[in-house]
Amino acid sequence: MMHSLRARLLWWVLLPLAAFMLVAGVMAYDAARQTADLLQDSVLLASARTIGEDVQWNNGELTANIPPAALEMFESPYQDHVFYKVVAGGDRLLGGSPELSLPSDARVSYPVFYNTTLDGQSIRAVAFERQLYNSGEALPVVVVVGKTQASREGMLAQLWHPQLVRQGLMLVLAVLLVLIGLTSELRPLMKLKEDVADRDPMELDPVRVAHLPTELRPIVDAINQCIARLKLHTSTQRQFIADAAHQLRTPLTLLDTQVECARQCIDDTPALSDALAGIHRTSRKMTEITNQLLLLARAEAAPSPNVSVDMTEVVSSVLEELILAAQRRDIDLGAELDGDLRVAGNAQLLTALVANLVDNAVRYTQEGGAVTARCRRQGAEIVLEVEDNGPGIPAEIRAHVFERFYRGMTNVEGTGLGLSIVQRIAQSHGGSVAVAPGAGRIGLVATVRLPAWKEKD
Ligand SMILES: Nc1ncnc2c1ncn2[C@@H]1O[C@H](COP(=O)(O)OP(=O)(O)O)[C@@H](O)[C@H]1O
Ligand SMILES: [Mg+2]
């Protein structure tokens, strides 16, 4: 069973074509055979007539001289054997081979063509009759000329073989044309396949229908309906997470304030104050997780960015925000910003991206370390690097840090969502993020590449 559509279509074109060629071949053979027979017979008759002309009365005797021309007509590269026989009055042999038989039916009208054998060779022969008159008396003289079949076979081959070759060539040409046609006609199908197969799992845009053959439309429509349902489902779910996170924020903020309030009132009871401090930390952590979840939900729902955002401003504002946290840990926080750093995007999400990277660097680098945020333009890309000289990430867990809720260093507070948020935001901006050891294999450098802003004209 062939599963390739192309192979099957080719088969269904070739099968009738081959049948047609077969019939045409047989017909060509038949035509060639008729032509060869006709030619052979006409030469035989001409030869018999020439011999018949030279049968004469000579002093009351009938004589048959065989003119050389009568036999020369048969000369060919095939070297046929030629036989003849001249019979007068029905039984008197005037010349030639006696064993050459006459036509079996005596009442034929001359000339007559027939097939016979002689010495085991098949012979095509013609019998031709002429009346000779001598003093009022008519004497029938029959001339028979026969020959072997080699030249006839040769002629048949010469007539037929070129036809066969022509038909073979036509078949090859037809296969080629059909193959070319099929390949080009099946291209939209292949393209559709690639379009569906190479899809980003997050990309839920419908498959393009333009330029598709009408037969493929229903399939694509069905795929698109499926994608639409999937999209609705995904967005409902995203919306749910966003709503849940949003709903949680208010009570959590309230809880935070209430705990803070309670701690101020009961300064003098150490055990209770410890418990309240614990509750306070837990509620802060819940707030952080909630905020990060909300951010992740937003990043995933982000529509394609089309506003110009200046990364100089984004990075500067993030550093301003985090400078206090850095100073608290005695970390030297610096920036190197160079040239036109505009990207197409969403300022809020890009701020979250930079903030998460700088936050990680400040958090995980030992006290007294250094963190640098670098941004530059490289061709059509804006490259953001956040480098620190902290512990870095061991190679074996580097692949996991982008997973949601994955945490490497559990001695430092965190949610495990930071780098997955960074990755989602980078991807939704058509960019990417990677982490690698920093300069001299010390610390970590996180590199984000984003498409630079293109002025529309
Ligand atoms: N600058 C860094 N230096 C060392 N380790 C890092 C750095 N940034 C991230 N990591 C590692 O990657 C893990 C995942 O980071 P992230 O997704 O931001 O989650 P979180 O910071 O909440 O733990 C961290 O737990 C940490 O082990
Ligand atoms: Mg983090």
When the residues of the range 66-106 are narrowed to those that are of a type in the set (D, E, K, R) and either surrounded by fewer than 12 Cβ atoms within 10 Å (Cβ to Cβ) or part of a strand (DSSP E or B) (or both), which ends up modelled with the highest pLDDT?
Lys85
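The rows are residues; the columns are (1) open to solvent by 60 Å² or more (accessible area, probe 1.4 Å); (2) within 21 Å of Thr290 (Cα to Cα).
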{"residue": "Leu349", "(1), (2)": "no, yes"}
{"residue": "Val354", "(1), (2)": "no, yes"}
{"residue": "Ala370", "(1), (2)": "no, no"}
{"residue": "Arg377", "(1), (2)": "yes, no"}
{"residue": "Val386", "(1), (2)": "no, no"}
{"residue": "Ile393", "(1), (2)": "no, no"}
Considering only the range 296-306, I want to know if a residue exists there that is of a type in the set (S, T, N, Q) and surrounded by 17 or more Cβ atoms within 10 Å (Cβ to Cβ).
no
Quick one: how many residues across the range 164-186 are under 14 Å from Ala32 (Cβ atoms) and open to solvent by 70 Å² or more (accessible area, probe 1.4 Å)?
3
Within the range 403-444, the count of residues that are part of a helix (DSSP H, G or I), more than 10 Å from ligand 2 (Cβ to nearest atom) and crowded, with 16+ Cβ neighbours inside 10 Å comes to 6
Could you please find all residues in the range 187-236 being assigned to a loop (DSSP other than H, G, I, E, B), open to solvent by less than 50 Å² (accessible area, probe 1.4 Å) and in contact (Cβ under 8 Å) with a residue 24 or more places away in the chain?
Leu204, Leu212, Pro213
Test for Asp41: is it surrounded by 14 or more Cβ atoms within 10 Å (Cβ to Cβ), in contact with a Phe, Trp or Tyr (Cβ under 6 Å, 6 or more places away or on another chain) and in contact (Cβ under 8 Å) with a residue 60 or more places away in the chain
yes
Residue satisfying all of: in the range 365-402; charged (D, E, K, R) and over 29 Å from Glu313 (Cα atoms); farthest from ligand 2 (Cβ to nearest atom) among these:
Glu396
Determine if the range 330-346 includes at least one residue that is free of Cβ contacts under 8 Å to residues at least 60 places away in the same chain, assigned to a helix (DSSP H, G or I) and not charged (D, E, K, R).
no
Residues in the range 232-255: is at least one more than 30 Å from Met286 (Cβ to Cβ) and in the same structural domain as Lys285 (by TED's automatic domain parsing)?
yes
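The values are calculated or read from the model by the stated rules, or taken from the named source; none is laboratory data. Remember, predicted model here, so these are calculated numbers, not experimental data. Heads up, the Cβs are rebuilt from the backbone with ideal geometry, glycines too, and the neighbour counts pull from every protein chain shown. In case anyone asks, the SASA skips ligands and DNA or RNA and just uses the protein heavy atoms, side chains included. Shrake-Rupley method; radii C 1.70, N 1.55, O 1.52, S 1.80 Å.
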